[in-house]
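Inspection log for the structure reproduced underneath, given as structure tokens.
The values are calculated or read from the model by the stated rules, or taken from the named source; none is laboratory data. Quick caveat, the model's predicted, so the values are computed rather than measured. Methodologically, a virtual Cβ is constructed for each residue, glycine included, from the backbone with ideal geometry; neighbour enumeration extends over all protein chains shown. Surface areas here come from the heavy atoms of the whole protein model, side chains and all, with no ligands, DNA or RNA. Shrake-Rupley method; radii C 1.70, N 1.55, O 1.52, S 1.80 Å.
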Amino acid sequence: MRFTKLNYCQYLLSSQINYTITNLAEHLESISHDAINYYLKTEKLTPRLLWDNVKEVVEPDANGYIIFDDSVLDKRYSKEIEIVRRQYSGNEHGVLKGIGTVSCVYVNPTLQRFWVIDYRIFNPDVDGKTKIDHVKDMLQSLVYQKLLPFDTVLMDTWYAVHSLMLYIDSLDKIYYCPFKNNRLVDDTFGQEKYKRIELLEWNQKELESGKIIKIKGFPANKKVKLFRVTVSTNRTDYIATNDLSQSSTDVVQEVCKIRWKIEEFHREIKQLTGIESCQCRKARLQRNHIACAMLVWVRLKNLAYSTGQTIYQIKHNLLSNYLIQQLKRPSILMCLV
């Protein structure tokens, strides 16, 4: 029997707890651990494979959203995995040993559905690319190769840098991104010096409709619109957009809520596909494992959309079906004195 990526994806889809190669080999009759390891070491699965499998199920929308964000696959106990590095994890609120991934999620706002369509592995020691470089590469591929319609790009504070914002502008796309409180801006059109965003004064009209500002370091003719969004009693976000016609803080707040779709994706893929569980040391094996986990998430999500269930119900129903069968025809019969 020849081992393929389909076999490995089926394992990640079916297994509930243990996602190691050793566990897989123990549950296959004709495939050895060495054969599985050899396949994962010699095969080269790339992000292109993800797009080949997701492009037929994505439901496009001319007003679609693209969301970029990164996540760290937890490898805190690893010592020898090649692409593991110490990096900041927002989930842990600190530095963590892990594998950094930068993901691109497509959202259909009409249907309120989303799909992961691209990703990159953050490994600057090998390719010299920053996370911003990866986002630009994915944007370029999306606009010029994938040709998937979208209107707006959403991203986190870490991606609200000059080069990326101006690049999105050059693609004639809209962006919304939160700024850090210490970002230097000017709302006086040159009459005063740049000041930290948190020191800006807001009148009632500006609170409702936003204000035009100049960001320090931006070209002189480039202005953006800034909105002050109250998230809670203890948190205020400052959201910038190049859509100068936007005039509603409430609408901006609703748009920014869409960005949490990518957090939903990160949570689901980590909890249901074993994407963090590969213990192999070689970078190629880790990359192939991540590629297969992405494919498994796409399959689970597609089933969830077509059946009206959650992705968790789809996965956990495998155990439910097992219990039903065992109650009907138990492998081990219970005995009492």
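A simple packing score, the average count of other Cβ atoms within 10 Å per residue, orders the peptides 217-228, 318-329 as 217-228, 318-329, with the highest score first. Protection proxy ranking, highest mean first, for peptides 57-65, 102-110: 102-110, 57-65, where packing is the per-residue count of other beta-carbon atoms within 10 Å, averaged. With a 1.4 Å probe and all protein chains left in place, how much of the accessible area of the chain comes from carbon and sulfur atoms, in whole percent? The nonpolar share, carbon plus sulfur, comes to 50 percent. Qualifying trypsin sites (Lys or Arg not before Pro) in segment 17-81, where qualification requires a DSSP coil assignment and no more than 11 other C-beta atoms within 10 Å, comprise 44, 79. The long axis of helix 311-328 is offset from the longest Cα principal axis of the chain by roughly 20 degrees.
Could you give the dipole magnitude of segment 24-90 about its Cα centre, charging the beta-carbon of Lys and Arg +1 and that of Asp and Glu -1, in debye to the nearest 20? For this selection, approximately 440 debye. Our compactness index for segment 150-290, the C-alpha radius of gyration over the empirical 2.2 N^0.38 Å, is 1.28. Karplus-derived 3J(HN,Hα) values for segment 14-24, using 6.51 cos²θ - 1.76 cosθ + 1.60 with θ = phi - 60°, are 8, 5, 9, 10, 9, 10, 7, 5, 4, 5, 5 Hz; glycine and proline are entered as x.
Exceedance of the 23 Å cut-off in Cα-Cα distance is limited, within the set 131/301; 75/180; 75/129; 5/79, to 131/301; 75/180; 5/79.
A 1.4 Å probe run over the protein chains yields, for segment 1-150, 51 Å² of accessible area per residue, whole-number rounding. Among residues other than residue 101 with Cβ under 9 Å from its Cβ, the summed charge is 0 (Lys and Arg +1, Asp and Glu -1). Along the axis of the charge dipole computed for the chain (Cβ charges of +1 for Lys and Arg, -1 for Asp and Glu, origin at the Cα centre), the listed residues 178, 226, 290 are led at the positive end by 290.
Ranking of 202, 158 by solvent-accessible surface, largest first: 158, 202 (1.4 Å probe, protein heavy atoms only, all chains present). For segment 4-9, 3J(HN,Hα) computed residue by residue from phi via the Karplus equation (6.51, -1.76, 1.60; θ = phi - 60°) reads 9, 5, 5, 4, 5, 5 Hz, glycine and proline entered as x.
Kindly express, to the nearest 10 degrees and within the range 0 to 90, the angle between helix 260-272's C-alpha long axis and the longest C-alpha principal axis of the chain. Once rounded, the angle reads 20 degrees.
Amide H contacts of residue 113: 108, each under 5 Å away and 5 or more positions distant or on a separate chain (H built 1.01 Å from N in the peptide plane; Pro and chain starts excluded). Between residue 41 and residue 220, the modelled labels are 6.2 nm apart [label points 7 Å from Cα along Cα→Cβ]. Computed from backbone phi, the HN-Hα couplings of segment 72-89 come to 10, 7, 5, 10, 4, 9, 8, 10, 10, 5, 5, 9, 7, 8, 7, 7, 6, 10 Hz, rounded to whole numbers (Karplus: 6.51 cos²θ - 1.76 cosθ + 1.60, θ = phi - 60°; Gly and Pro given as x). Annotation: aspartates and glutamates with alpha-carbon distance below 20 angstrom to residue 315 (same-chain offsets under eight excluded): 263, 264, 268, 276. About its Cα centre, the dipole of segment 205-247 is roughly 220 debye, where the only charges are +1 on Lys and Arg Cβ and -1 on Asp and Glu Cβ. Toward the positive end of the charge dipole of the chain, about the Cα centre and with charges on Cβ (Lys, Arg +1; Asp, Glu -1), which of 40, 194, 304 goes farthest? Of 40, 194, 304, it is 40. Placing +1 on the Cβ of every Lys and Arg and -1 on the Cβ of every Asp and Glu, with nothing else charged, gives the chain a dipole about its Cα centre of roughly 620 debye.
Taking a Cβ cut-off of under 12 Å around residue 46, the surrounding Lys, Arg, Asp and Glu residues balance to a net charge of +3, with basic ones at +1 and acidic ones at -1. Among residues other than residue 195 with Cβ under 12 Å from its Cβ, the summed charge is 0 (Lys and Arg +1, Asp and Glu -1).
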